[in-house]
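Below is one structure, written out as structure tokens; the observations come after it.
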Amino acid sequence: MQKMSHKLTEELKRLVHENHDNCVKCGYEFIDGDTSHSGYDENEDPQYVCDDCALILKETAVRFVFSPYPKTVRR
């Protein structure tokens, strides 16, 4: 497993936020407790991927233990 570089560009942070629930490569829907990986591929493009797609990362910026966003209750 690659060491994390902690290189977080604004573009990568936005990608992770906008795609919080799914892998951007295969569409896998993360479940509570999954590991998600953010980083950069061989073209330096930002990626947010699941375990199965993590091999595309040339550089791993940060790994996360996935937790779904809390549901908001409307009154």
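Carbon-plus-sulfur fraction of the accessible area of the chain, 1.4 Å probe, in percent? Numbers along the way, then the final one.
Details: 2750 of 5490 Å².
That fraction is 50 percent.
Whole number in Å², please: accessible area per residue of the chain, 1.4 Å probe, ligands, DNA and RNA not counted. Numbers along the way, then the final one.
Numbers: 5490 Å² over 75 residues.
Spelled out: the 1.4 Å probe surface of the chain, per residue, equals 73 Å².
Ordering 34, 45, 52 by accessible area with a probe of 1.4 Å, largest first, what comes out? Walk me through the numbers before you get to the answer.
Values: 34 35, 45 70, 52 135 Å².
Heavy-atom accessible area, descending, gives 52, 45, 34.
At a threshold of 8 angstrom on Cα-Cα distance, excluding pairs fewer than six apart, so keeping six or more, what relative contact order does the chain reach in percent?
Details: 127 pairs, mean separation 26.6, N = 75.
So the answer I get is 35 percent.
In terms of Cα to Cα distance under 21 Å, which lysines are near enough to residue 13, apart from those fewer than 8 places away along the same chain?
Straight-line reach from residue 13, under 21 Å: 3, 25, 58.
From zero outward in steps of 5 Å, how is the percent of C-alpha pairs of the chain spread across the bins?
Here the calculated profile for the chain is 3, 17, 29, 24, 15, 5, 3, 2, 1, 0.
How much mean residue ellipticity at 222 nm does the chain get from its helices, if each DSSP H run of length 4 or more adds -39500 (n - 2.57) and you divide by all residues, to the nearest 500 deg cm²/dmol? Intermediate results must be reported in sequence, preceding the final value.
Values: 1 runs with 9 residues, N = 75.
For the chain, the value works out to -3500 deg cm²/dmol.
The values are calculated or read from the model by the stated rules, or taken from the named source; none is laboratory data. Predicted model, so just to flag it, every value in this text is computed and none were measured. Each accessible area value is taken on the protein alone, full model and side chains, heavy atoms only, with ligands, DNA and RNA left out. Shrake-Rupley method; radii C 1.70, N 1.55, O 1.52, S 1.80 Å.
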